[in-house]
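One structure is given below, encoded as structure tokens.
The values are calculated or read from the model by the stated rules, or taken from the named source; none is laboratory data. This structure is a prediction, so every number in the text was calculated from the model and none was measured. So basically every Cβ, Gly included, is an ideal-geometry build from the backbone, and we count neighbours across all protein chains shown. For accessibility, only protein heavy atoms count, side chains too; no ligands or nucleic acids. Shrake-Rupley method; radii C 1.70, N 1.55, O 1.52, S 1.80 Å.
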Amino acid sequence: MAESMKAARLHKVGQPMTIDNVEKPVATGTDVVIQVQGCGMVPNLANVLANWQTWYPQMPLPPLPAIFGLDPVGVVHQVGDRVVGYQPGDRVYVNPGRFCRTCHACLSGTPQHCQYWTLGGYFGYNPNSLEMFRLYPEGGFCEYMRAPQDALVRLPDTVTLGQATRFGYLGTSYAALKKCGSLTGKSIIINGATGTLGVGATLFALALGIGKIYAVARGDDLLARLKQLAPDRIETFSNRNGSTAQWVKSLTNGVGVDLMLDTMGAKAPLESMKDAMQGVRRGGRIVNIGGAAGDLPVDVKWWMDEQMELIGSVWFTAADGLEMASLFANKVVDLSVFEPRMWPLAAINEAINGAASGDGGFTNYLVTL
């Protein structure tokens, strides 16, 4: 008889999740089963569950009833008979990126280019994602989940549960900064700098040698807190007070900065992004990671004449995760700035509704098991 486990499941959009007894997964082949200890809570999950099918109907949610949960952390519970390098008891983060593992993109180390690319426990990118949801139906809001061995990131002992469940947002920022090229001595605009992605991007940019960060957000209090991370290397600006581009150019002799990272979330005003882009110098690079959607009217003549680069970056690889783990283990990046806010699995609906009630990107939200 199959064993059972507890899982929080969404049965219908607009209704609360319920705690159900469901079949516990079994590890076979190159898959592992993780005993989940905690899972990060997307601050915007309530909006995603309520509105995603209207906002982005081309990007499927998992078939209902579904187990969500984007950033699982736990210990290896069971390994398949073809797993190499992991054994029960290993403490890991489970990268939710799912992909076919057979196409050129996957074999080249760029799984985000795969036509099956999916964020398990969250949403997919096209109808092929339904196959990924079928193969790996568990997100992190359950006691046990099955995942491919190449999704695992071994965690340093120094990284706490609350910090580990932040890996998804940290990894998204880290991978995007890698696309910027060398940061040493460069300057960068981080648009949305006090949000969940923005604070992580600030920490990594500082650690990787950025010369100057021009941090842009709305709230003055959180901007002041961000500046304290490196007062001599961070300049802050509330875009409630005017044009980001004009502010940046006023501080750079009219030239602008080398790089820009846009971390604005879904339904954020695109005017903010467009304005900030004008603060990037000739030959600059702009990387978008936040999920803002809509048509962005860009003068293609400006794009050509100024030789600008505009890059989209989604999520990160397990290899990026291993690099981050090394940075954390060697104290290159200090995660102590994050404050955890936790709920037990039984309070899943309270957690969904309570996320985003903290201090911007300085607060971590997670469900514990």
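Miscellaneous remarks
- Screening Arg91 on (1) within 20 Å of Gly168 (Cβ to Cβ); (2) in contact (Cβ under 8 Å) with a residue 40 or more places away in the chain; (3) open to solvent by less than 50 Å² (accessible area, probe 1.4 Å) shows it passes everything except condition (3).
- Selection of the stretch 237-259 for residues being open to solvent by 40 Å² or more (accessible area, probe 1.4 Å) and either closer than 17 Å to Phe204 by Cβ or in contact with an Asp or Glu (Cβ under 8 Å, 6 or more places away or on another chain) (or both) yields Asn239, Leu251.
- One residue from Gly361, Gly354, Gly294 being within 30 Å of Pro269 (Cα to Cα), of a type in the set (Gly, Ala, Ser) and not assigned by the TED database to the domain that holds Thr18: Gly294
- Of all the criteria given as (1) in a strand (DSSP E or B); (2) open to solvent by 30 Å² or more (accessible area, probe 1.4 Å), the one not satisfied by Ile213 is (2).
- Within the set Asn47, Asn51, the sole residue that is open to solvent by 60 Å² or more (accessible area, probe 1.4 Å), modelled with pLDDT under 95 and under 29 Å from Phe338 (Cα atoms) turns out to be Asn47.
- Within the set Pro156, Pro96, Pro127, the sole residue that is in the same structural domain as Met41 (by the TED database) and surrounded by 21 or more Cβ atoms within 10 Å (Cβ to Cβ) turns out to be Pro96.
- Taken together, the criteria place Asp262 among residues that are within 20 Å of the chain's Cα centre (by Cα), assigned by the TED database to the domain that holds Gly211, surrounded by 21 or more Cβ atoms within 10 Å (Cβ to Cβ) and at negative phi.
- Among the candidates Met17, Met59, Met41, residue that is closer than 24 Å to Thr160 by Cα and assigned by the TED database to the domain that holds Gly124: Met41
- Summed over the stretch 236-275, the residues that are in contact (Cβ under 8 Å) with a residue 40 or more places away in the chain, under 12 Å from Asn191 (Cα atoms) and not in a helix (DSSP H, G or I) give a count of 9.
- Taken over the stretch 276-328, the criterion of being in a loop (DSSP other than H, G, I, E, B), at pLDDT 95 or above, in contact with a Phe, Trp or Tyr (Cβ under 8 Å, 6 or more places away or on another chain) and open to solvent by 30 Å² or more (accessible area, probe 1.4 Å) is satisfied by Val314 alone.
- Strands (runs of 3 or more DSSP E) contained in the stretch 1-119 and holding at least 2 residues within 30 Å of Lys267 (Cα to Cα): 4-9, 31-40, 71-79, 91-94
- Candidates are the residues of the stretch 174-190 that are in a helix (DSSP H, G or I) and touching a helix residue (DSSP H, G or I) at 6+ places or on another chain (Cβ under 9 Å); the one that is most open to solvent (accessible area, probe 1.4 Å) is Lys178.
- Total residues in the stretch 131-158 satisfying the condition of being within 24 Å of Ala351 (Cα to Cα), of a type in the set (Gly, Ala, Ser) and either in a helix (DSSP H, G or I) or modelled with pLDDT under 95 (or both): the figure is 0.
- Pro25 fulfils the conditions (1) free of Cβ contacts under 8 Å to residues at least 24 places away in the same chain; (2) farther than 28 Å from Gly290 by Cβ except for a single criterion, (1).
- Gly14, sole failed condition from (1) buried (at least 19 other Cβ atoms within 10 Å of the Cβ); (2) more than 18 Å from the chain's Cα centre (by Cα): (1)
- Considering residues of the stretch 216-232 that are open to solvent by 50 Å² or more (accessible area, probe 1.4 Å), at pLDDT 95 or above and touching a helix residue (DSSP H, G or I) at 6+ places or on another chain (Cβ under 8 Å) only, the residue nearest to Val333 (Cα to Cα): Leu229
- In summary, Tyr122 fulfils each of the numbered conditions (1) under 25 Å from Pro43 (Cβ atoms); (2) open to solvent by less than 10 Å² (accessible area, probe 1.4 Å); (3) touching a residue at least 60 places away in the same chain (Cβ under 8 Å) with the single exception of condition (2).
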